[in-house]
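Here is the structure we will look at, set down as structure tokens.
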Amino acid sequence: MNWWNHTLFAQQTAMEAGDMLLDYFGKITKYKGKSAAHDFVTEADLTSEKFIIDKISTVFPDHSILSEESGFDLKGSDYCWVIDPLDGTTNFVHEVPVFAISIGLKYKNETVAAVVYNPGQGQSYTAALNEGARLNDHLIHPSNIKTLSESLLISGFPYLHDDKWELSFDLFKDFYSRSHGVRRFGAASLDFCYVASGLFEGFWEFNLKPWDVCAGNLILKEAGGYTSDWFGASMPDSGDRVLATNGKIQKEMENVLGNERYALFRSI
């Protein structure tokens, strides 16, 4: 099946929700914490989510929906939309234009359509299964850099300050010393897309959620990149451990992540 019609629907929906987010941008004065002190939800998140869910429910009333703020609306369908209505809420609250709406469609547990849209920068990343990936309708591909030592990496850190949080900074220093550097932008869905379009060579993170990884994972793979678990298995849909690369530095990054000093991460 050609899934582009679903991708185009998701793209249009994301762009309309993005206009709503821009109406709030620079005007957020109230927000509340969720799982941790620095994990926020705002009226903008909730407005965007409601719009997206309502539109999907109108056009595809029998489809299941998994969304960050509302949870799982299970309808027993082979189709499930996975939604992050505002990825990068902390950036959004602080008026940093690095945030996105992420919408992925899974069919029988395989992601088949995806969009990650950053309204602050007018960037629309899209993909459909077996049809390639695009940025603003132009095909994209990862970089051709072949070694970790020549690579620029991107990552993120969890909100929960536990033993893994402390160890994650050792891992950050390890990769930083082996590469051209590491950046942290604060929106995982966009991090996949930055690797897909060749801005970065590799991305790793842990303790993400399905709505953080669903759309970005397909976009990177359709662009020609590679994703996995930290230890070489398939990347978990849960987002527990994510490794995403241009495909050429995959093994080098796996070798670092698989070092015994980071064995604590295997318990996630």
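If only one of VAL256, VAL213 is in the same structural domain as HIS180 (by TED's automatic domain parsing) and within 22 Å of LEU86 (Cα to Cα), which one is it? Give the steps one after another, and end with the answer.
Numbers: VAL256 fails: within 22 Å of LEU86 (Cα to Cα).
None of the others qualify; the one that does is VAL213.
Which of the residues belonging to the range 156-199 are within 17 Å of VAL98 (Cα to Cα) and either assigned to a loop (DSSP other than H, G, I, E, B) or at pLDDT below 95 (or both)? Full working, then the answer.
Initial filter on the range 156-199 (within 17 Å of VAL98 (Cα to Cα)): 156-157, 182-197, 199.
GLY156, PHE157, ARG184, PHE185, GLY186, ALA187, SER197, LEU199 - these are the residues of the range 156-199 that are within 17 Å of VAL98 (Cα to Cα) and either assigned to a loop (DSSP other than H, G, I, E, B) or at pLDDT below 95 (or both).
For the condition within 21 Å of LEU171 (Cβ to Cβ) and either assigned to a strand (DSSP E or B) or modelled with pLDDT of 95 or more (or both), what is the one hit in PHE203, PHE231, PHE265?
Values: PHE231 fails: either assigned to a strand (DSSP E or B) or modelled with pLDDT of 95 or more (or both); PHE265 fails: either assigned to a strand (DSSP E or B) or modelled with pLDDT of 95 or more (or both).
Just a single option satisfies the conditions, and that option is PHE203.
Kindly evaluate TRP211 against the criterion of being crowded, with 20+ Cβ neighbours inside 10 Å, more than 20 Å from PHE175 (Cβ to Cβ) and at pLDDT 95 or above.
So TRP211 fits the description; yes.
If ALA127 satisfies all but one of (1) within 30 Å of ARG266 (Cα to Cα); (2) under 15 Å from the mean Cα position of the chain (by Cα); (3) aliphatic (A, V, I, L, M), what's the number of the condition it fails?
The failed condition is (1).
Taking the range 80-117 on its own, how many of its residues are under 16 Å from SER70 (Cβ atoms) and not hydrophobic (A, V, I, L, M, F, W, C)?
Initially, the range 80-117 is screened for residues under 16 Å from SER70 (Cβ atoms), giving 80-87, 89, 101-104.
Those left that are additionally not hydrophobic (A, V, I, L, M, F, W, C): 84-85, 87, 89, 102, 104.
Qualifying residue count, the range 80-117: 6.
Could you give me the residue pairs with C-beta distances under 9 Å whose first residue belongs to the range 1-21 and is under 17 Å from GLY216 (Cα atoms), whose second residue is part of a loop (DSSP other than H, G, I, E, B) and aliphatic (A, V, I, L, M) wherever it lies, and which are 6+ apart or on separate chains?
TRP3/LEU129
The values are calculated or read from the model by the stated rules, or taken from the named source; none is laboratory data. Remember, predicted model here, so these are calculated numbers, not experimental data. Every residue, glycine among them, receives a Cβ derived from its backbone with ideal geometry; neighbour counts consider all protein chains shown.
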